[in-house]
1. List the trypsin sites (Lys or Arg not before Pro) within the stretch 81-125 that DSSP assigns to loop and that have no more than 16 neighbouring Cβ atoms inside 10 Å.
2. Ordered by packing density, taken as the mean number of other Cβ atoms within 10 Å over each peptide's residues, highest first, how do 311-321, 261-271 rank?
3. Assuming 0.36 nm per residue, please report the length gained on full extension of the stretch Asp47 to Phe169 beyond their Cα-Cα distance.
4. What relative contact order, as a whole-number percentage, does the stretch 242-314 give when Cα pairs under 8 Å and 6 or more residues apart are counted?
5. Pop the C-beta distance of Glu283 and Arg234 into the FRET formula with R0 = 22 Å and round what comes out to the nearest 0.05.
6. Test of understanding: in a Gaussian network model of the chain with alpha carbons linked when under 10 Å, which of Arg291, Arg234, Arg201 would top the mean-square fluctuation ranking?
7. Using a simple spin-label model with points 7 Å from Cα along the Cα→Cβ vector, what separation in nm is obtained for Asp56 and Glu92?
8. Viscosity 1.002 mPa s, temperature 20 °C: what is the translational diffusion coefficient of the stretch 183-287 from Stokes-Einstein with a Kirkwood Rh over Cα pairs, rounded to a whole number of µm²/s?
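Each reported figure results from applying straightforward, stated rules to the coordinates on display, with no laboratory input. This one's a predicted model, so the numbers in the text were calculated from it and none came from an experiment. Quick reminder, even Gly has a Cβ in these numbers, built from the backbone with ideal geometry, and neighbours come from all protein chains shown.
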Amino acid sequence: MSTILGTWSAEQTTVGEVETAIARLRRQEERAAVRAAVVTLVVPTFDDHEAAAALDVLRALGDHHPSRAIVLVKDGAGPAGIDAELRVHCIERDTRAVCFENMLLHVRGDTAHHLDSVVEPFTLPDVPVVVWLPHRLLTIDDPLLAAADRLVVDSRAAGGAAALSHLAFLTDRLPVSDATWLRLTPWRRLFGGLFEDTRLRPFLDDVRSIRVASRGIARLLLAGWLTTRLGLDRALVALDTGEHPAVELVGRAAGREGRFTVERTGDQELRAAAEVAGEARIERVADLGDRSTASMLGRALTAIGRDEVYEHALASALDFRR
């Protein structure tokens, strides 16, 4: 767990005063520990509740992915100005202490319409700027898009299927990591792993039907993933409802039918099965692992470049929505 090395706060302050306070805290930090940050993480929020939830996630994240985090509370009403709170956190790592900063900025009035100018002085040199959107997507004309090198979203929380078109637009602008897609990784990995068996791979050459069950956007992304990776007509895919994602594929090879499934069978267990006529059932089991927001955000921060598999699945998901 991290400890707080130093704090500073002020109301109706300026960007210059916040920069001075950061420099002062940094001098204290440099005497106490090694500074480590691989990204500048910007988190736009719209009220104190959203900001507090984001800060809770960032504290959990900092133990494994220290970064300079800037949480913005945007309030377009009232006179222009900034209220600021700064905290320097330190964690013990091996034989040394590592420090990172969290900033909470309440930005009001006209200043709230120029968040890129507010953020720019606080970004770290030579590291990417990642904008994390835990609740909603940025509008097409949001100035923060110009400041970002990467976006981290949660398409399920950001509007689900209704937000797909807007999300597709954002992926054209910037690399995007989607927490909903990352949560589906165990399903995709376990299902694909069945066909690492060369005896089963021919069933993918003659797919007769696919059923994808889930709720909301997870179902669409899984359907999009299967059709694009297998080169299938979407007419072969039936969408169903379910509390948890599940996939069933039926194919034929050498005159025999095969049924391949992956579904959640417990709180933390995922099970894939292959049933081919005349052969013993094959099963594989996987643990779902840590599915917390902090874990998904940490995985997103380690991503490099574009996720083309995700982008293709998203584009296909748009067709299933229609």
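1. Details: sites: Arg87, Arg93, Arg96, Arg108; in loops: none.
Counting only loop positions with at most 16 other Cβ atoms within 10 Å, none of the trypsin sites (Lys or Arg not before Pro) in the stretch 81-125 qualifies.
2. Values: 311-321: 18.4, 261-271: 15.3.
The packing order, highest mean first, is 311-321, 261-271.
3. Numbers: separation 122, 0.36 × 122 = 43.92 nm, distance 2.60 nm.
Length gained between Asp47 and Phe169: 41.3 nm.
4. Details: 82 pairs, mean separation 13.1, N = 73.
In percent, rounded to a whole number, it is 18.
5. Details: r = 29 Å, r/R0 = 1.31.
The value I calculate is 0.15.
6. The residue with the greatest mean-square fluctuation here is Arg201.
7. Result for the modelled spin labels: 2.7 nm.
8. Details: Rh = 13.8 Å.
Using the Kirkwood radius from Cα pairs, D works out to 155 µm²/s.
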